[in-house]
1. Has segment 247-256 got any residue that is out of contact with any strand residue (DSSP E or B) (no Cβ under 6 Å at 6 or more places or on another chain), without any contact (Cβ under 8 Å) to a residue 24 or more places away in the chain and assigned to a loop (DSSP other than H, G, I, E, B)?
2. Looking at residue 21 and the list (1) within 16 Å of ligand 2 (Cβ to nearest atom); (2) closer than 28 Å to residue 190 by Cβ; (3) crowded, with 21+ Cβ neighbours inside 10 Å; (4) modelled with pLDDT of 90 or more, which single condition is not satisfied?
3. Anything in segment 24-64 that is within 13 Å of ligand 2 (Cβ to nearest atom) and out of contact with any helix residue (DSSP H, G or I) (no Cβ under 8 Å at 6 or more places or on another chain)? List them, or say none.
4. Output the residues belonging to segment 47-78 that are part of a strand (DSSP E or B) and either crowded, with 21+ Cβ neighbours inside 10 Å or under 14 Å from the mean Cα position of the chain (by Cα) (or both).
5. Given the residues 222, 214, which is the only one that is part of a helix (DSSP H, G or I), in the same structural domain as residue 94 (by TED's automatic domain parsing), within 15 Å of ligand 2 (Cβ to nearest atom) and surrounded by 23 or more Cβ atoms within 10 Å (Cβ to Cβ)?
Ligand SMILES: Nc1ncnc2c1ncn2[C@@H]1O[C@H](COP(=O)(O)OP(=O)(O)OP(=O)(O)O)[C@@H](O)[C@H]1O
Ligand SMILES: [Mg+2]
């Protein structure tokens with residue numbers, strides 16, 4: 001069974017679409033400190049929405065206000081059309097898996113998952129059936145009689161997940177749900193989460209430190225800084241079309257050049273970059289005045305590297321010396337020192353095995369970096 005929510009329609013672009021969760025001007029002050037600063041956000045049914053941001057930026061505080069564990073200093077929260085702002089946590093159609101989820105150590109897996117249903121007075125037979133189904137879903141059926149200390153960290157995390165899902169909340173808030181898992185288990189559980197979401201039609205709001213995880217899981221991501229959203233968008237939008245320097249640097253890495261717009265030539269802008277004593281060309285269609293101060297961001301994977309310069313007429317060519325090489329197997333990262341000492345990072349796939357033990361470029365080689373104007377991101381702030 002699948003609820004088959006089709007996000008190709010992108011409800012967030014449809015002004016008529018009803019949000020499932022609506023957050024309006026939500027603020028939390030702790031004394032003179034503002035942890036969440038007047039945020040607005042609409043989340044649609046069945047979304048897997050991620051909050052991404054550095055430590056202390058307000059992610060957990062925002063989740064706790066959605067769950068009702070924290071009273072907002074200002075603003076309102078609506079879920080499924082109902083104002084929840086003054087509704088206590090246990091009366092909200094919401095369940096939260098905490099950053100430091102705690103299983104009951106003296107109870108076995110089954111009893112841990114059943115706990116919330118029991119407390120709600122659900123009939124015995126139904127509890128048994130729902131707990132069984134949930135444990136099958138997270139592939140822990142064979143461990144149902146074990147105590148938490150007899151499980152691995154990843155298995156424990158899946159028990160915590162089963163415990164928060166078994167009550168079939170309409171909204172599930174997960175605070176760092178996969179933090180304790182190793183890379184392989186983390187990836188496996190990510191796909192499990194997506195399956196669970198697809199099967200139960202739950203709306204997820206997930207907090208994470210891990211940007212790859214957010215990119216893999218999410219319908220949309222909100223990037224947070226100092227209690228505010230600095231950009232909200234799909235993973236592709238956030239990565240390929242960052243709105244500002246904070247997002248460009250926080251999501252992935254970017255080589256950044258400061259400059260001024262010199263002139264427009266058709267669909268491109270010529271930008272003067274003092275650090276290069278030259279100019280870079282960027283494709284940019286929006287209106288912008290000559291002389292504007294801008295930043296150009298180029299992702300490390302969007303450049304090519306070569307020890308020879310074949311086409312001397314092409315634009316956006318930088319030359320430098322290989323300063324450092326990181327061999328990662330499938331690809332290598334190169335740190336290139338340009339003539340003015342600026343360091344550029346580039347990643348390049350290792351499509352061929354080394355010849356005579358040599359990779360594409362070696363330490364201290366002179367190299368040429370090239371990138372297309374359409375791969376340069378122009379930022380105005
Ligand atoms: N009860 C509280 N009293 C005072 N300050 C608080 C309280 N709870 C949180 N804060 C502060 O609010 C800010 C946001 O905290 P929050 O827990 O939301 O951060 P976070 O984004 O979840 O960080 P992390 O990624 O480290 O979990 C922090 O500076 C924190 O110190
Ligand atoms: Mg937190």
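The values are calculated or read from the model by the stated rules, or taken from the named source; none is laboratory data. Predicted model, so just to flag it, every value in this text is computed and none were measured. Positions of Cβ are generated from backbone atoms using ideal geometry, with glycine treated the same way; all protein chains shown enter the neighbour counts.
1. For segment 247-256, residues out of contact with any strand residue (DSSP E or B) (no Cβ under 6 Å at 6 or more places or on another chain), without any contact (Cβ under 8 Å) to a residue 24 or more places away in the chain and assigned to a loop (DSSP other than H, G, I, E, B): absent.
2. (1)
3. 55, 56, 57, 58, 59, 60, 61, 62, 63, 64
4. We begin by selecting, within segment 47-78, every residue part of a strand (DSSP E or B); these are 48-53, 74-78.
Correct list: 48, 49, 50, 51, 52, 53, 77.
5. Numbers: 222 fails: part of a helix (DSSP H, G or I).
Only one candidate passes the filter, namely 214.
This table checks each residue for (1) within 16 Å of ligand 2 (Cβ to nearest atom); (2) surrounded by 22 or more Cβ atoms within 10 Å (Cβ to Cβ); (3) touching a residue at least 60 places away in the same chain (Cβ under 8 Å).
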| position | (1), (2), (3) |
| --- | --- |
| 142 | no, no, no |
| 172 | no, yes, yes |
| 175 | yes, no, yes |
| 188 | no, no, no |
